Number of protein chains: 2
Amino acid sequence: MGDVAARAGVAKTTLYRRWASKNELVVDAVAALFDEHLELPDRGSLQADIEGVVLRFAALLERPETKTALMAVVAESTRDDALRDRIRSAIVDRQKSLVLLGRERAQARGELPREDDPEVAARTADLIFDVIAGAVVHRTLVSAESVDEEWARTFAGVLVGGLGSATGARTPDGLNSSPSGV
Amino acid sequence: MGDVAARAGVAKTTLYRRWASKNELVVDAVAALFDEHLELPDRGSLQADIEGVVLRFAALLERPETKTALMAVVAESTRDDALRDRIRSAIVDRQKSLVLLGRERAQARGELPREDDPEVAARTADLIFDVIAGAVVHRTLVSAESVDEEWARTFAGVLVGGLGSATGARTPDGLNSSPSGV
DNA sequence: GCAGTTACGCTACGGCTCGTAGCGTAAGAG
DNA sequence: CTCTTACGCTACGAGCCGTAGCGTAACTGC
């Protein structure tokens with residue numbers, strides 16, 4: 001934090017006059033990075049849109065400062081509810097709009113059916129968000145392997161296929177079996 | 001750490017005679033929890049197997065100590081390569097065997113085709129692992145919503161559907177469209 | 001030009017936690 | 001009965017977050 005103040009050319013006390021704690025500053029910094037680097041250009045298909053955002057997100061996470069800062073505040077948010085809420089409103093909820101946009105486009109293209117029940121729609125959007133963000137974060141940070149175009153393509157293929165085939169979410173446990181291999 | 005020593009009824013110095021640092025101790029503790037609580041009983045179908053392990057994993061992660069400890073070391077591993085390797089060998093690689101077991105069972109049931117190319121098989125297993133672990137972690141820690149049976153069912157449905165439909169990983173970008181809604 | 005408010009810089013410090021040094025002591029090996 | 005091994009204990013150094021207190025510059029309104 002002394003370092004941050006030094007690099008900003010201000011005194012440490014000034015930082016604490018603008019942010020109540022280090023964590024809040026880091027959350028705002030990470031949120032700004034996310035807002036700046038994440039977007040969802042229309043690449044013509046749901047699969048391509050997912051590939052694009054996955055690669056953008058991975059590129060952001062592979063920067064050492066980004067991943068260190070993000071994981072530090074997420075880790076602390078497990079024992080600080082106020083921090084968790086701040087992360088949600090400043091980062092998570094904002095980026096969730098990308099999922100809504102992507103679904104809207106896919107529905108306009110006819111790639112995904114429209115869902116009338118708004119609660120089901122919201123739950124599905126949350127699921128998609130958790131799957132995309134979780135998978136990319138896990139791969140880059142825990143598995144520590146790079147997210148390249150091939151991985152993005154395979155991942156997007158699985159997700160698109162899964163969304164197309166099984167989401168009505170009735171009770172049965174096996175409406176599976178299909179072509180092409182694992 | 002003084003607390004850990006106190007609760008263990010030993011002196012703090014004794015802890016440092018067995019573990020070189022706090023992080024190593026935490027990694028070993030989390031690894032033991034994972035080994036103890038994660039297993040993959042045969043529930044009759046790939047979908048049900050995934051649901052089961054997702055619920056087990058989520059139950060483990062919802063315990064405050066588990067998630068705090070896990071995320072703390074993962075966060076620090078972003079700036080400590082030795083710690084990252086220790087996490088990989090003590091936790092990640094061990095639990096990855098669950099994916100291999102689940103796939104083996106699914107192949108024996110005929111739910112998934114066998115894959116001859118071992119490299120493709122390994123990459124797919126890694127992908128499945130990242131998707132399952134990442135999605136559950138992201139939902140419980142970032143989205144901060146509970147993983148209940150309904151979520152597990154929907155998630156497993158999407159994953160099974162995705163694995164069944166699109167994984168040969170050719171170039172095309174749209175072999176989707178199907179029944180049941182998003 | 002002048003008082004009053006606002007915001008900043010700076011030093012010093014308290015508090016917390018990780019990790020270590022040094023020494024005394026109990027238990028098992030031969 | 002010695003020797004080794006492992007443990008307990010106190011004290012301490014180091015690093016970082018966050019704050020107190022005070023001096024100082026700039027900007028406002030008249």
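Can you work out the FRET efficiency for the pair residue A:150 and residue B:85, with r the C-beta to C-beta distance and R0 = 30 Å, to the nearest 0.05? Approximately 0.80, to the nearest 0.05. Across region A:18-25, coupling constants 3J(HN,Hα) worked out from phi with the 6.51/-1.76/1.60 Karplus curve, θ = phi - 60°, read 9, 10, 6, 7, 4, 4, 5, 4 Hz, and Gly and Pro carry x. Counting Cβ atoms of other protein chains within 10 Å of each Cβ in A:121-130 and taking the mean gives 4. The string of couplings for region B:31-48 from the Karplus curve (6.51, -1.76, 1.60, θ = phi - 60°) is 4, 5, 4, 4, 4, 6, 9, 9, 8, 9, x, 7, 9, x, 8, 4, 4, 5 Hz, one whole number per residue in order, with x for Gly and Pro.
Sorted largest first, the principal axis extents computed over the alpha-carbon atoms of region A:73-121 equal 43, 18, 14 Å.
Here region A:20-164 is treated with +1 on each Lys and Arg Cβ and -1 on each Asp and Glu Cβ, and its dipole about the Cα centre works out to around 100 debye.
Normalised by the number of residues in region A:1-90, the average gap of Cα pairs under 8 Å and 6 or more apart makes the relative contact order 28 percent.
If only the Cβ of Lys and Arg carry +1 and only the Cβ of Asp and Glu carry -1, the dipole of the protein assembly as shown around its Cα centre is close to 960 debye. Relative contact order of chain B, taken over Cα pairs closer than 8 Å and 6 or more residues apart, is 25 percent. Taken residue by residue and averaged, Cβ atoms of other chains lying within 10 Å of the Cβ of B:108-117 number 3.
In nanometres and ascending order, the distances from the residue B:82 label point to those of the other copies are 3.7 (point 7 Å from Cα along Cα→Cβ). Peptide packing: for A:123-130, A:27-34, the average count of neighbouring Cβ atoms within 10 Å per residue gives the ranking A:123-130, A:27-34, highest mean first. Sorted shortest first, the separations between the residue B:65 label point and its copies elsewhere in the assembly read 3.8 nm; each point sits 7 Å from Cα along the Cα-to-Cβ line. For region A:40-120, the list of trypsin sites (Lys or Arg not before Pro) that fall in a loop by DSSP and count at most 14 other C-beta atoms within 10 angstrom reads A:79, A:114. The three principal axes of the C-alpha atoms in the protein assembly as shown carry coordinate ranges of 58, 45, 36 Å, sorted with the longest axis first.
Within chain B, the longest segment free of exposed loop sites, counting GluC sites (Glu not before Pro) that fall outside DSSP classes H, G, I, E and B and have at most 13 other Cβ atoms within 10 Å, spans B:40-144. Backbone phi angles across region B:113-130, fed through the Karplus curve with coefficients 6.51, -1.76 and 1.60 (θ = phi - 60°), yield HN-Hα couplings of x, 7, 10, 7, 6, x, 5, 4, 4, 5, 4, 5, 4, 4, 4, 4, 4, 4 Hz in residue order; Gly and Pro are listed as x. Counting, for every residue in B:57-67, the Cβ atoms of other protein chains within 10 Å of its Cβ and taking the mean gives 1. Summed over both chains, the contact between A and B buries some 5600 Å² of accessible surface at a probe radius of 1.4 Å. Note on region A:20-164: the C-alpha convex hull projects to 8.9 nm² when averaged across all orientations. For residue A:100, the point set 7 Å out from Cα toward Cβ sits 4.4 nm from its twins in the other copies, listed from shortest up.
The values are calculated or read from the model by the stated rules, or taken from the named source; none is laboratory data. The model shown is predicted, which means the values in this text are computed figures rather than measured ones. For neighbour counting, all protein chains shown are included, and Cβ atoms are generated from backbone atoms with ideal geometry for every residue, glycine included. Only protein heavy atoms, including side chains, enter the accessible area calculation; ligands, DNA and RNA are left aside. Shrake-Rupley method; radii C 1.70, N 1.55, O 1.52, S 1.80 Å.
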